[in-house]
Amino acid sequence: MATALWAMAFGAVAAPREAVVLQPAPPTRVTAAQLASLCAALSTPCEPVETKAYVARGQGDGPMWLIDASRPMLVVLDAADPLRGNRATVWDFSEQPHTQEPRADGGKPPPLEIHPALYPVGDRGFAIALVSEVREMYSGGGASFRTADFVMLDTARTVAYGAVPFSCSKMVRACFSERDYARGHCHDENSGALTIRYPDGEGRWTFQWRETEWPAFKPKSRETTERTTFQVAPGNTERPASVGFCGGPM
């Protein structure tokens, strides 16, 4: 199924051994009116206001995909006739459970997010990163913690790798007096991001987590970086304990 989808989008182009990063399609590829017509023709209609068209990085005139942020939903368009909605394949993830459900914090939980990339899973096809975000607000600061389930584009929507730290950022206020403010850099700051190495054949992915820490009252030159390499088992539902993840979420 995933191989057929890849052929549908790329035609005769061979499947890559690295992630296909998607970027917004040039405005000339699809007009607002064409997008609205395309959304209406899909087997599960998309919301034109919430839907963006994408192309592979560096291939502005190549195949297109749609991502509807409101559901979320991925649409694989036919390479030969991309503006025909009845020839597209729709992947609606609005009912897809996530290993790390978004936290409501007293309100409606934020929707899951499809990160604009396609990830190769050996010879089994491709996965998307379905991302859950937890946000925390502090006095004079805040934090974001994003966790990914890598979901296969297969009929079972198999979670190839779950509960993987995807990115984080955190800023905690450290200045509370005139003396503090005079010292400069009034926050403790952390940020983290994930990279992936893909094996040949059917081996597991290898993840690398890169996290930086910039303590309050220190110059930028005192920022430190820590790298953690890890793997997760298929079906994993717990965030790896070896990853700092900006110290959260609480």
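The values are calculated or read from the model by the stated rules, or taken from the named source; none is laboratory data. Remember, it's a predicted structure, so these values are computed and weren't measured experimentally. For neighbour counting, all protein chains shown are included, and Cβ atoms are generated from backbone atoms with ideal geometry for every residue, glycine included. These area figures cover heavy atoms from the full protein model, side chains too; ligands, DNA and RNA do not enter into them. Shrake-Rupley method; radii C 1.70, N 1.55, O 1.52, S 1.80 Å.
Structural remarks
- The single condition among (1) surrounded by fewer than 20 Cβ atoms within 10 Å (Cβ to Cβ); (2) of a type in the set (A, V, I, L, M); (3) in contact (Cβ under 8 Å) with a residue 24 or more places away in the chain that VAL151 does not meet is (1).
- Residue check for CYS175: assigned to a strand (DSSP E or B) and crowded, with 17+ Cβ neighbours inside 10 Å: no
- Complete set of residues in segment 204-233 that are part of a loop (DSSP other than H, G, I, E, B) and either surrounded by 11 or more Cβ atoms within 10 Å (Cβ to Cβ) or aromatic (Phe, Trp, Tyr) (or both): ARG204, TRP205, PRO215, ALA216, PHE217, LYS218, GLU223, GLN231, VAL232
- Scanning segment 183-203 for residues that are open to solvent by 40 Å² or more (accessible area, probe 1.4 Å), of a type outside the set (Val, Ile, Thr), assigned to a strand (DSSP E or B) and closer than 21 Å to ALA129 by Cβ gives SER191, ALA193, ARG197.
- Residue within segment 98-108 that is farther than 14 Å from THR147 by Cβ and in contact (Cβ under 8 Å) with a residue 60 or more places away in the chain present: no
- Qualifying positions in segment 52-66 - buried (at least 22 other Cβ atoms within 10 Å of the Cβ), modelled with pLDDT of 95 or more and not aromatic (Phe, Trp, Tyr): LEU66
- Top-ranked residue in segment 80-97 [being surrounded by fewer than 18 Cβ atoms within 10 Å (Cβ to Cβ) and small (Gly, Ala, Ser); ranked as farthest from ARG146 (Cα to Cα)]: ALA80
- Of all residues making up segment 207-242, the number that are among the β-branched types (Val, Ile, Thr) and modelled with pLDDT under 95: 2
- Count - residues of segment 214-230 that are among the small types (Gly, Ala, Ser) and touching a residue at least 12 places away in the same chain (Cβ under 8 Å): 1
- From SER43, SER70, residue being under 16 Å from the mean Cα position of the chain (by Cα), at pLDDT 90 or above, surrounded by fewer than 18 Cβ atoms within 10 Å (Cβ to Cβ) and not in a helix (DSSP H, G or I): SER70
- Taken over segment 112-136, the criterion of being open to solvent by 40 Å² or more (accessible area, probe 1.4 Å) and within 15 Å of VAL151 (Cβ to Cβ) is satisfied by GLU113, HIS115, ARG124.
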